[in-house]
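The values are calculated or read from the model by the stated rules, or taken from the named source; none is laboratory data. Small disclaimer: the values here were computed from a predicted structure and weren't measured. In this analysis, Cβ positions are derived from the backbone assuming ideal geometry, glycine residues included, and neighbour counts consider all displayed protein chains.
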Amino acid sequence: MEDLRSRMGYLRGLADGLGVGESTGEGKVIQHIITVLDEMADSLEELQEDYEELFSYVEAIDEDLTELEDDVMEEDDDFDDDDDDYFDDDDDLDLDEEEISFTVECPECRHEVVIDEDILEDEESLEVLCPKCGRVVFINDEEWDEDLDDDLDDDDDDDEKKK
């Protein structure tokens, strides 16, 4: 841009030195051409500055995106099924054995909470809370077992009545 700016200065100085002025028709045309060329040089300079700013911004976005992709790929590698080091020996997880679980919908926020069957076998009374809203969605006590049995019996009675 410096070269264009200096060439415009040379052209304006040459026209002034040759006495090209507004007194003749040709002089008016040349003066207006020089003015238009000068405005075009200003516009090109602004475009160049905008381009450089956008280019550096896009480079920064690209670097951030590359870092994000690397982080996501690392997380995916952590959860790879072939990676035996992910689980500790204390976890007692048998990857070949299917874990049995069921879901309960939270009555407040409608989030589905996955409950492991091991909770049913536990002797102690446990409450399962919804991870989103904190409301109790399941209690493994005898009352719950009786309520479940009653609900199942009611469903069987309804089915018999329909027949």
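Results, tabulated for the structure shown:
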| quantity | calculated |
| --- | --- |
| Lone qualifier among R12, R5 - being under 53 Å from the mean Cα position of the chain (by Cα) and touching a residue at least 24 places away in the same chain (Cβ under 8 Å) | R5 |
| Qualifying residue in segment 88-105 (condition: under 31 Å from the mean Cα position of the chain (by Cα), of a type in the set (D, E) and modelled with pLDDT of 85 or more) | yes |
| Segment 103-130: number of residues that are exposed (fewer than 12 other Cβ atoms within 10 Å of the Cβ) and of a type outside the set (D, E, K, R) | 4 |
